[in-house]
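Beneath this line is the structure, given in structure tokens, with notes to follow.
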Amino acid sequence: MTNSGAIIIGATGGIGARLFESLKDHEGFGTVLGLSRHSVPAIDILDEASIAAAAEHVRQSGITPTLIIIATGILHKDGRGPEKSIRELDADWMVENYRLNAVAPALIAKHFLPLMPRTGRTCFAALSARVGSISDNRLGGWHSYRASKAALNMLIRNLSIEWQRKNPEAIIVGLHPGTVDTGLSAPFKGNPEHERFTPAKAASQLLDVLQGLEADDSGQVFAYDGRMVAP
């Protein structure tokens, strides 16, 4: 009998932890595995060998994941955050944004997508952001973060096209969780522009969105309210 599983990568983060907790008692999964730098196996999303080893552990464990969610990313670190002007651009910071927000999810897909069934409904999702939308960008700024999330959204589209040839029922999407009270958004608590969600509420909303998606939705980015984010 197939051990249908769900995998959360980034399971110790604000949203990732709540996704993991919400799925643990879900009747649809025989196994729910949360992966992070501190899990067993551990995973370092900046190290492809570590990603490959974690995927091999899943394969050898006999888990067949039908749901994989990447709940990782970077917005600020060590006093550095989104740029307000091109004067603040820094090559190293831009590269770090790309590595964590785009390259890491791509490498996770490289090693984890092949673990998913080639028939039946499957869902592979990565946390993205509305600010990665090119057509919806009316404010500018946040150069490295916006560009890295736009790159992630393009990768999601590419992956969906390639994987549909292997499993026409596969769903590969990006998820915009909104503004969530986590460490990621902590420096921006003073911004009253957007409604804020608890991590538990955000996780619940995202799982509801995923549950309502169909194969024709693959390759798109969806917000917490189920609405498609413009490319």
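When you go through 88, 96, 48 one by one, which is the residue that is surrounded by 14 or more Cβ atoms within 10 Å (Cβ to Cβ), over 16 Å from residue 16 (Cβ atoms) and over 20 Å from the mean Cα position of the chain (by Cα)? Selected residue: 88, the only one of 88, 96, 48 that is surrounded by 14 or more Cβ atoms within 10 Å (Cβ to Cβ), over 16 Å from residue 16 (Cβ atoms) and over 20 Å from the mean Cα position of the chain (by Cα). Here 107, 155, 115 are screened, and the one residue that is more than 23 Å from residue 202 (Cα to Cα) and touching a Pro at 6+ places or on another chain (Cβ under 6 Å) is 115.
Considered as a group, the residues in region 104-132 that are among the polar types (S, T, N, Q) and open to solvent by less than 30 Å² (accessible area, probe 1.4 Å) include one that is farthest from residue 52 (Cα to Cα), and that residue is 128. Picking from residues in region 155-176 that are surrounded by 15 or more Cβ atoms within 10 Å (Cβ to Cβ) and assigned to a helix (DSSP H, G or I), the one that is farthest from the chain's Cα centre (by Cα) is 164. Within region 218-231, being open to solvent by 40 Å² or more (accessible area, probe 1.4 Å) and not in a loop (DSSP other than H, G, I, E, B) holds for one residue alone: 228. Taking region 179-217 as the search range and keeping residues that are assigned to a loop (DSSP other than H, G, I, E, B) and β-branched (Val, Ile, Thr), which one is modelled with the highest pLDDT? Selected residue: 198.
The values are calculated or read from the model by the stated rules, or taken from the named source; none is laboratory data. Remember, it's a predicted structure, so these values are computed and weren't measured experimentally. Here Cβ is always computed from backbone atoms with ideal geometry, including for glycine, and neighbour counts include all displayed protein chains. To get the accessible areas, we keep the full protein, side chains included, count just its heavy atoms, and leave off ligands, DNA and RNA. Shrake-Rupley method; radii C 1.70, N 1.55, O 1.52, S 1.80 Å.
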